[in-house]
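Written out below as structure tokens is the structure these notes cover.
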Amino acid sequence: MADLVIKDLYKRYNENEPPVVRGVSLDLEGGELVSFLGPSGCGKTTILRMIAGLLMPDQGSISIQGKEVANLPAYKRDIGMVFQNYALFPHMTVAENVAFGLKMRKQNGNRSEMKDQVAKALGMVNMSAFHERYPKQLSGGQQQRVALARALVLKPAVLLLDEPLSALDAKLRHETREEIRRLQQELGLATVFVTHDQEEAMAVSDKVVVLSHGIVQQYDEPQNIFERPVNEFVARFMGVPNVYPVVSEENGRYVTTDGLQVLADRILMGISAIGVRPERVQIVSGSATPEQTNKFQAVIKKRSYSGTMVKFELQMKNGSPIVSMIPSYTEAARLKEGENVFVYWAPSDTLLLLPEKKNEGEL
């Protein structure tokens, strides 16, 4: 049995506007970490708050370990939540903040047992030495750990994380996300992680939900989301700038609106565009003629060095733009702006993209 089951979830804030969440359904198994990923306003935090009981859905069901909870208040749901701003009580010590949830659940009959539970939770996040401090005496990273301990001490069936790393600097974000992932796996907690950061979602998740306008565009493993996006929205959101509308297909050869003829290793009905990740686009000097299928003449318009990679922005002979990302240690990375080159990629790297899902989902 899945620890969390969401079915046909809808939410509208204003009767005169479309729903912000439209028919979202998914299952979350025990021990899985699923990230909700998408741009601002896509509905990811609204879904999280409905799971938490901070918002009530207009339609649909939410089940936690087989128990329907969609109409129950937050305190009757077996969840732990870490808010974006941590929401620690400034007048309480670290230990008192962590114990707060236990007290609200009326688990304060045995003070010694509660003290042990709080100590164990603080130990899990390496904050035992700070139990007598107040939130204002802690760094942002330390506050985040206390908020996590407060959620974990309840031993919830489902852990909810609402962009918990957004206030941290880059180095601390990386360290903390690894710590969250470690704890989540050790405890076997079904976890929902809301983020707008693609790299973050790829690094910590078992599965990723990509949302747009309240609709699930793709629900899949991180590698498939990145390497095999199902439609134009997911491709562009996951960093694919090379997307070209398609007008026809014959035997795996796709013709784009601007005249490119591109081979793929498969055929998919109903696609609206083809694409290729910039990391898959290879470049060779114009004096060389690679024996490749998807091969096009181009000129380098811009070269940007970023350490491990070099980004090339090019214009193909037919006028279409294309972007390539080349490892900086390769010979091709030394090519200069203005040079005439060939760009090419394998048919297996051609992405076949369906249109973005646009189901209105009216109630």
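The values are calculated or read from the model by the stated rules, or taken from the named source; none is laboratory data. Computed from a predicted structure; not experimentally measured. Positions of Cβ are generated from backbone atoms using ideal geometry, with glycine treated the same way; all protein chains shown enter the neighbour counts. Heavy atoms of the whole protein, side chains included, go into the accessibility calculation; ligands, DNA and RNA do not. Shrake-Rupley method; radii C 1.70, N 1.55, O 1.52, S 1.80 Å.
In the chain, Rg over Rh equals 1.07, where Rg is the alpha-carbon radius of gyration and Rh the Kirkwood radius from pairwise Cα distances. The sum of -39500 (n - 2.57) across all DSSP H runs of n ≥ 4, divided by the residue count of the chain, sets its helix-only mean residue ellipticity at 222 nm to -7000 deg cm²/dmol. Here the Kirkwood formula puts the hydrodynamic radius of region 97-256 at 18.4 Å, using every distinct Cα pair.
Find, among the GluC sites (Glu not before Pro) in region 1-32, those assigned to loop by DSSP (not H, G, I, E, B) with at most 16 other beta-carbon atoms within 10 angstrom.
Loop-located and lightly packed - E15, E29.
Could you give each residue of region 267-279 its phi-based ³J(HN,Hα) in whole Hz, using Karplus coefficients 6.51, -1.76, 1.60 with θ = phi - 60°, and x for Gly or Pro? Those phi angles translate into 10, 9, 6, x, 6, 10, 7, 10, x, 8, 5, x, 5 Hz. Taking amide H as placed 1.01 Å from N in the peptide plane, the amide H of V82 sits under 5 Å from that of L160, L161, D162, each at least 5 places away or on another chain. Excluding ligands, DNA and RNA, the accessible surface per residue across the chain is 48 Å² with a 1.4 Å probe. Only protein heavy atoms count here; on that basis, with a 1.4 Å probe, E175 has an accessible area of about 90 Å². Between region 264-317 and region 323-361, what is the C-alpha centre distance in whole Å? Each part reduced to its Cα centre gives a spacing of 4 Å. Structural descriptor for region 207-352: relative contact order 23 percent, calculated from alpha carbon pairs under 8 angstrom and at least 6 residues apart. Look at the alpha carbon pairs under 8 Å that are at least 6 residues apart: their mean separation over the length of the chain gives a relative contact order of 17 percent. For region 7-15, putting each phi into the Karplus relation 6.51 cos²θ - 1.76 cosθ + 1.60 with θ = phi - 60° gives couplings of 9, 6, 7, 10, 8, 10, 8, 10, 4 Hz, in residue order, rounded to whole numbers and with x for Gly and Pro. Each other residue within a Cβ distance under 11 Å of I271 adds +1 if Lys or Arg and -1 if Asp or Glu, for a net charge of -1.
Using a 1.4 Å probe on the protein chains only, how many percent of the accessible area of region 30-137 belongs to carbon and sulfur?
50 percent
Quantify how much of the Cα-Cα distance distribution of region 314-363 extends past 12 Å, in percent. The calculated P(r) of region 314-363 puts 79 percent of pairs beyond 12 Å. The residues S212, S139, sorted by heavy-atom accessible surface at 1.4 Å with ligands and nucleic acids left out, run S139, S212 from largest to smallest. What you get for region 60-156, charging only the Cβ of Lys and Arg (+1) and of Asp and Glu (-1), is a dipole of about 120 debye around the Cα centre.
Of the listed residues R236, R111, the order by accessible area with a 1.4 Å probe, largest first, is R111, R236.
Between D265 and Q185, residue separation times 0.36 nm minus the direct Cα-Cα distance comes to 25.1 nm.
Full extension of the segment from T293 to A332, taken as 0.36 nm per residue of separation minus the current Cα-Cα distance, would add 12.1 nm. Placing unit charges on the Cβ atoms only, positive for Lys and Arg and negative for Asp and Glu, gives the chain a dipole magnitude near 960 debye about its Cα centre. Measuring nothing but protein heavy atoms, the accessible surface of region 220-271 at 1.4 Å probe radius is 48 percent carbon and sulfur. Per-residue SASA remark: H131, around 80 Å² accessible (1.4 Å probe; ligands, DNA and RNA not included).
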